[in-house]
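The values are calculated or read from the model by the stated rules, or taken from the named source; none is laboratory data. None of these values were measured; they are calculated from a predicted model. Note that each Cβ is placed from the backbone with ideal geometry, even for glycine, and that neighbours are counted across all protein chains shown. Note: areas computed on protein heavy atoms with side chains; ligands, DNA, RNA excluded. Shrake-Rupley method; radii C 1.70, N 1.55, O 1.52, S 1.80 Å.
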Amino acid sequence: MTEGTPSRGPLRAPALPKLLVLTGWVLQAGCTDRPEPWPPPGWTAFELGGPLPGLSPAQLARWEEGQRWFTHIFKVEEGLGPAWNENSCNACHSDPTIGGGMDEPDLHATRQRPDGTCDFLFREGGGNLRRKLSPAMQVLLGTYRELRPPEAEQLGRYLPPPVFGVGMMASIPEEEILAREDPEDSDGDGISGRAARYPDGTVARFLNKADAASLLEIAAKGLWRQLGVTNPYHPEEHPVSGRPVPREADPVPDPEVGEEVVRAIADYLLFLAPPPQVIPASKEDRKAVRRGKALFHEVGCAACHTPVLYTGPSDIAALDRKPVYLFSDLLLHDMGPDLADNCGKDASARELRTRPLWGTRLKIRWLHDGRAPSVRAAVEAHDGEARASRERFQALPPWTRRPSFSSSAPSEGALRRGARGAGGGAEQPAGSMGDPPGAGHTAGGRHEIHGGNEPMAKGEGTLSPVEQEMVALGILGPGGEVLPPPPRLGGFAPPPLARLSAPGVLCEAFHYARPSSFSRGVTLDFPHTRVLLLSGTASVGRNGESLYPEDFDAQVWRTYRNLTELLREGGMDWHHVVFTANFLKDIQRHYEAFNRIRTRFFTWLGLDPLPASLGVQAALCRPELLVEIAVVAVGGKE
C-alpha cells in the first residue's frame, strides 16, 4: 500500500475551487450553512496547480511522482491507442495550468433501456467516442475517429473539468452527502436531489453524471478510455467502434502500465490543492461580493450549490476535517429537457450532478458542455428543479445581474483568452464571472463585449454605443440583459469540424501568457475527403515560448517542424499540402533566405507539383518572430 492512496475501496470525490460571484454580477463568494469567516482562512494561500499545504515529505514526493505521470506524453510504442482522445492526462487538464480544464468536449453516446437503466453501447462502439485512431485502425475502420453508433439515441458533450482540489472532495464522508438528499422533495421546496449509487450502495460523486466513486477509478478509467492505455484495473483494450482490437493494431502487451502508475496519478489528484480565493482589491468590490453572497442564498442557488462541505477524519493532516468550499451538494438533480443529454450509471438523461462552482473565475465557458458564454447565460439555462431559482434570479433588478466590480486585477479566464473590448478596454476583473466591461467577443461567441472603456449602463440608463450594437445583433436585450443565442439557420448542416493540435512541439494558442482565441488547426471530414486548415504557425515551443529570436533560418525550420507535426496529427504529410500562405516580417530582407530554405525542404520531400503559395509582408504577433506560415491540405480517403 502506498502512502496517500488506499489499497481498497473508493476514494471519495472532488470539485472545483471558489470565488463564486455567482454571476459575476455581484455574487462573488458564497456563504455556508454554518457561520464561516470570509474569505476562508488559508484559502488565499493555495498555489494554483500546486500541492496542498502541509504535506509530509513522503506525501509531497508521491504528489510529484504522480504529476510526472499525469503530464507524461504517451507514445504508440508505450501503449497509446489504438483509439484515444489525447496523449496525456494533462492534455485534457491544462488550462490555465497543470490540472486545469479544456475547451474541447468529449462525446458520449448512449441509449436508455426500457427498464430505465443506461446502455453505454460498448459493444456497438458507444460510450466515450474517441477523437483519434492509429493508422492501422484508420485503415480497418475507414475513418479517422470513432463515430456515433446508429443504435445511440442520446449524445452528451462534456468539457473536461479542472481537477484542482479533487482530493478534498474525495475526502468528504458519504454521510455528509447523504444528509442533503431529498429524493421525494419532502420539504416541498422543489429540490429533490439524490445521491448516485453503485449496486453495492457506494455513493458516486465524480463526473457530470456521478459515474465514478473514487480517484483510483478516475485514474484507471482515464488511462484506459481517454488514452487507450490498459492497466491492471482495465487490462484489455476497449473495442474501437464496436470492433475488437487486432494484435497488429496494438502490439504492446497488456496491461501497458502497472498499478504503480495508476496509484501515482490517484495520489497526485488526492494531494492537489484547490484554487486559491482571490480577494477584490477595492472596498467597493468587496462590498459587492457581500451583496452577491446574500443574493446567492436569496434566489435559492445554495439549495444545490452548497457553499461548503467538510472532510472527515484522516491520517493525512492536510485533509483532516477541513472545510471544502466547492459550492456543490454532489447530488444528482433533474435539470429539465433542454439540458438533457446521455444517461449515466445511475442517472437519467435529464439528471446532472451539481457542478462545483469553485474556480469559476478561471473559466470562459459555462455549463457542463460549455454552451453558455457567460455565468448569466448558464443561470438562465437552468430548468427542472432549478426553475424557481432561475425565475427569482431573472426577477432581480437589472443592476444586480451585471458585473459591478470596478477593475481590480484581471481574471485568469480573461487573461487566458485575451478578452479585451473595443479600443483596448479594461479586462475582466478578478472574480468577475458575468459580462465584464471590455471583455473581448470572439467569432465563437465565447466572450461578450460590454463597452470598451465606457461604463456599463445601470438600471434603465442609456445603453453605451457598444451595447446598442449588441442589442442590434440580438446578444443583449433592450435593458442590457444577455439573450440566448438564436437558433441555427436551416438548410445547411454545421461543418464537420474538429480541433487539431500537436502538444509535443507547441502549445495551444490559448495557453499563451497573452492568449489568442484560435485553434492550431481544424479538420473537416467529408465522406471521401479530409481537409486540414492550419492556422498561421511560427517558431513557438511547447510552452508557448518564442524560439530562436532574430535567427531567421532557424525560425523557418522550426515553423516547418511544427507544421509537419500538425499535419501528422491530422493523418497527412506535406504531399497533401495544396496551399501555403507565408508571412514575413521583412520580405525584402528575408525572402531570398526563405525561398532557399523552402526549396531545399520541398526538394528533399520530393513534392511535385509544388503547393500554391502566397507571400505577404506583415507585422507578426511578437516582435522577435520573423516568419509565420498557414497551410491548407487535402486528402482523399481510401
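The criterion of being in contact with a helix residue (DSSP H, G or I) (Cβ under 8 Å, 6 or more places away or on another chain), at pLDDT below 95, of a type in the set (Lys, Arg) and open to solvent by less than 40 Å² (accessible area, probe 1.4 Å) does not hold for Arg392. Is it true that Leu178 is at pLDDT below 90 and of a type outside the set (Lys, Arg)? Considered against the rule, which asks whether it is at pLDDT below 90 and of a type outside the set (Lys, Arg), Leu178 comes out as no. Within this structure, Ala630 fails the test of being over 18 Å from Asp551 (Cβ atoms), over 31 Å from the mean Cα position of the chain (by Cα) and open to solvent by less than 40 Å² (accessible area, probe 1.4 Å). Every listed requirement among (1) surrounded by 15 or more Cβ atoms within 10 Å (Cβ to Cβ); (2) out of contact with any Phe, Trp or Tyr (no Cβ under 8 Å at 6 or more places or on another chain) is met by Ala619 save one, (1).
Out of everything in the range 241-253 that is part of a loop (DSSP other than H, G, I, E, B) and touching a residue at least 40 places away in the same chain (Cβ under 8 Å), what residue ends up being surrounded by the fewest Cβ atoms within 10 Å (Cβ to Cβ)? Explain how you work it out, then say what you get.
First pass over the range 241-253, keeping only residues part of a loop (DSSP other than H, G, I, E, B): 241-242, 244-246, 250-253.
When the remaining residues are screened for being touching a residue at least 40 places away in the same chain (Cβ under 8 Å), the result is 241-242, 245-246, 250, 252.
Values: Ser241: 21, Gly242: 16, Val245: 21, Pro246: 14, Asp250: 23, Val252: 17.
Out of the qualifying residues, it is Pro246.
Among the residues of the range 314-358, those identified as among the acidic types (Asp, Glu) and either assigned to a strand (DSSP E or B) or within 18 Å of Asp369 (Cα to Cα) (or both) are Asp334, Asp338, Asp341, Glu351.
Restricting Arg376, Arg321, Arg371, Arg365 to residues that are at pLDDT below 90, surrounded by fewer than 20 Cβ atoms within 10 Å (Cβ to Cβ), over 18 Å from Ile191 (Cα atoms) and among the basic types (Lys, Arg) narrows the list to Arg371.
Close Cβ contacts (under 7 Å, 6 or more residues apart or on different chains) running from residues in the range 554-579 that are closer than 13 Å to Leu534 by Cα to residues that are open to solvent by 40 Å² or more (accessible area, probe 1.4 Å) and part of a loop (DSSP other than H, G, I, E, B) comprise Glu565/Gly504; Leu567/Asp573.
One residue stands out in the range 556-573 among those that are under 17 Å from Arg600 (Cα atoms) and open to solvent by 30 Å² or more (accessible area, probe 1.4 Å): the one that is farthest from the chain's Cα centre (by Cα), namely Trp557. Ala152: open to solvent by less than 10 Å² (accessible area, probe 1.4 Å), touching a residue at least 12 places away in the same chain (Cβ under 8 Å) and either over 22 Å from Ser94 (Cα atoms) or not charged (D, E, K, R) (or both), yes or no? Taking the combined requirement at face value, the residue does not satisfy it.
Under the condition of being part of a strand (DSSP E or B) and under 19 Å from Tyr198 (Cβ atoms), which residue from the range 109-127 is most open to solvent (accessible area, probe 1.4 Å)?
Checked the range 109-127; the qualifying residue most open to solvent (accessible area, probe 1.4 Å) is Gln112.
Could you please let me know if Ser94 is in contact with a Leu (Cβ under 8 Å, 6 or more places away or on another chain) and in contact (Cβ under 8 Å) with a residue 24 or more places away in the chain? No. What are the pairs, 6+ residues apart or on separate chains, where a residue within the range 603-623 that is more than 17 Å from Val634 (Cβ to Cβ) and touching a residue at least 40 places away in the same chain (Cβ under 8 Å) has its Cβ under 7 Å from a residue that is of a type in the set (Gly, Ala, Ser) and surrounded by 13 or more Cβ atoms within 10 Å (Cβ to Cβ)? Pairs found: Leu620/Ala538; Arg622/Ser546.
Please enumerate the residues belonging to the range 162-194 that are assigned to a helix (DSSP H, G or I) and surrounded by 16 or more Cβ atoms within 10 Å (Cβ to Cβ).
Selection gives Val166, Gly167, Met168, Met169, Ala170, Glu174, Glu176, Ile177.
Only a single criterion out of (1) open to solvent by less than 50 Å² (accessible area, probe 1.4 Å); (2) in a loop (DSSP other than H, G, I, E, B); (3) closer than 23 Å to Gly504 by Cβ is not satisfied by Phe601, namely (2).
Each row is one residue, and each column tells you yes or no for (1) of a type in the set (Ser, Thr, Tyr); (2) touching a Lys or Arg at 6+ places or on another chain (Cβ under 8 Å).
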{"position": "Glu124", "(1), (2)": "no, no"}
{"position": "Leu140", "(1), (2)": "no, yes"}
{"position": "Tyr144", "(1), (2)": "yes, yes"}
{"position": "Pro161", "(1), (2)": "no, yes"}
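Residues in the range 269-299 that are out of contact with any strand residue (DSSP E or B) (no Cβ under 8 Å at 6 or more places or on another chain), assigned to a helix (DSSP H, G or I) and open to solvent by 20 Å² or more (accessible area, probe 1.4 Å): Lys283, Glu284, Arg286, Lys287, Arg290, Arg291, Ala294, His297, Glu298. Out of curiosity, is Gly312 farther than 30 Å from Leu121 by Cα, in contact (Cβ under 8 Å) with a residue 12 or more places away in the chain and surrounded by fewer than 20 Cβ atoms within 10 Å (Cβ to Cβ)? Judged against the criteria, Gly312 is a match. Only one of the numbered conditions (1) on the phi < 0 side of the Ramachandran plot; (2) at pLDDT 85 or above; (3) of a type outside the set (S, T, N, Q) is not met by Tyr548, and that is (1).
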